[in-house]
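Colleague: Right, I'll just put the structure down here and ask away after.
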Amino acid sequence: MVYVSRKEHFNAAHKLTNPAWSREKNLEIFGPCANENWHGHNYDLIVTVKGDPDPETGFVIDLKKLSTLIRTSVIDQVDHKNLNLDVPFMQGKMASTENLAMEIWKILAPGIAKLSSRSTLHSIRLFETPRNYVEYFGE
């Protein structure tokens with residue numbers, strides 16, 4: 001089994017807020033992430049695919065095709081957008097990095113399966129800051 005990763009980047013704004021809570025409780029729980037005027041991040045997305053290399057190409061997956069899939073299915077939907085307001089697949093969900101990573105998985109897993117019968121999505125690693133990231137394995 002070989003693991004191949006592709007890294008992409010996007011910028012997006014969001015706000016963490018639970019509408020059932022008071023402004024004070026949102027600030028207590030989410031701190032500055034509950035800023036009424038939003039805040040932004042420079043996200044790094046690492047998509048890891050696993051599989052056995054194709055004997056004819058040596059590839060687990062064609063990385064150019066994987067990059068195109070990530071860009072058209074995810075990056076174009078979120079880059080320079082407000083995750084709470086502008087991104088259809090995040091509507092009605094808390095715009096946390098955890099939820100964003102899980103939604104990205106739901107989008108990419110079927111697309112990767114169509115690109116290569118020899119590989120599957122292994123993980124989504126989503127960096128919100130250089131020191132904070134979420135990793136999701138579809139479990």
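Colleague: If you line up the Cα atoms of the chain on their principal axes, what length do they span on each, largest first, in Å?
Modeller: Its Cα atoms span 60, 25, 23 Å along the three principal axes.
Colleague: What distance in nm lies between label points placed 7 Å from Cα along the C-beta direction at I75 and N35?
Modeller: 2.6 nm
Colleague: Please get the size of the charge dipole for segment 78-133, origin at its Cα centre, with Cβ charges of +1 on Lys and Arg and -1 on Asp and Glu, quoted in debye to the nearest 20. Let's see the in-between values first.
Modeller: Working: 7 positive and 5 negative charges, 51 e Å.
For segment 78-133, the charge dipole is close to 240 debye.
Colleague: Taking a label point 7 Å from the Cα of T120 along the Cα→Cβ vector, which residues of segment 49-85 have an amide N closer than 16 Å to it?
Modeller: 49-53, 61
Colleague: Karplus couplings for segment 34-50 from phi (6.51 cos²θ - 1.76 cosθ + 1.60, θ = phi - 60°), rounded to Hz, Gly and Pro as x?
Modeller: Going residue by residue, I get 9, 3, 4, 9, 6, 7, x, 9, 9, 7, 10, 10, 10, 9, 10, 10, 10 Hz, with x marking Gly and Pro.
Colleague: Then there is this: Which of N99, P19, F59 sits farthest toward the positive end of the charge dipole of the chain, with +1 on the Cβ of Lys and Arg and -1 on the Cβ of Asp and Glu?
Modeller: Final value for the positive-end residue is F59.
Colleague: OK, next. Just add up the charged neighbours of H41: K/R +1, D/E -1, any other residue whose Cβ is under 15 Å from the Cβ of H41. Show your work: numbers first, answer last.
Modeller: On the way: positive: K15, K81, R125, R131; negative: E8, D44, D79, D86, E98, E128.
Spelling it out: positives minus negatives among the neighbours equals -2.
Colleague: On to the next question. Once every DSSP H run of n ≥ 4 in the chain is given -39500 (n - 2.57) and the sum is divided by its residues, what mean residue ellipticity at 222 nm do you get, rounded to the nearest 500 deg cm²/dmol? Don't jump to the answer; show the numbers that get you there.
Modeller: Values: 3 runs with 35 residues, N = 139.
One gets -8000 deg cm²/dmol as the mean residue ellipticity at 222 nm.
Colleague: While we're on this one: Comparing A109, A20, A34, which has the greatest mean-square fluctuation in the GNM of the chain with Cα pairs linked when under 10 Å apart?
Modeller: A20
Colleague: Most exposed first by the Cβ proxy, i.e. fewest other Cβ within 10 Å, how do T129, T48 rank?
Modeller: Numbers: T129 11, T48 16.
In increasing order of surrounding Cβ atoms, one gets T129, T48.
Colleague: Could you pull out the GluC sites (Glu not before Pro) across segment 53-114 that fall in loop regions by DSSP (anything but H, G, I, E, B) with no more than 15 other Cβ atoms inside 10 Å?
Modeller: Details: sites: E56, E98, E103; in loops: E56.
Here the GluC sites (Glu not before Pro) that fit, given the DSSP loop and packing criteria, are E56.
Colleague: Size of the dipole of the chain about the Cα centre, Lys and Arg at +1 and Asp and Glu at -1 on the beta carbon, nothing else charged, in debye to 20?
Modeller: Values: 16 positive and 17 negative charges, 24 e Å.
It works out to roughly 120 debye.
Colleague: I need the GluC sites (Glu not before Pro) found in segment 2-52, filtered to DSSP loop residues with at most 16 other beta carbons within 10 Å of theirs.
Modeller: Working: sites: E8, E24, E28, E36; in loops: E36.
In loop regions of segment 2-52 (DSSP not H, G, I, E or B), the sparsely surrounded GluC sites (Glu not before Pro) are E36.
Colleague: Loop only by DSSP, 12 or fewer other Cβ within 10 Å of the Cβ. Give me the trypsin sites (Lys or Arg not before Pro) in segment 69-139 that pass, ordered by residue number. Could the numbers behind the result be given before it?
Modeller: Details: sites: R71, K81, K93, K106, K114, R118, R125, R131; in loops: K93, R118, R131.
For trypsin sites (Lys or Arg not before Pro) across segment 69-139 that sit outside H, G, I, E and B with at most 12 neighbouring Cβ atoms in 10 Å, the list reads R131.
Colleague: Here's a follow-up. Using modelled backbone amide H atoms (1.01 Å from N, in-plane), which distant-in-sequence or interchain residues come within less than 5 Å of A12's amide H?
Modeller: H41, Y43, H80
Values quoted throughout were computed directly from the atomic coordinates according to the rules given, and no laboratory measurement underlies them. Remember, predicted model here, so these are calculated numbers, not experimental data. All Cβ positions, even for glycine, are placed from backbone atoms using ideal geometry, and neighbour counts span all protein chains on display.
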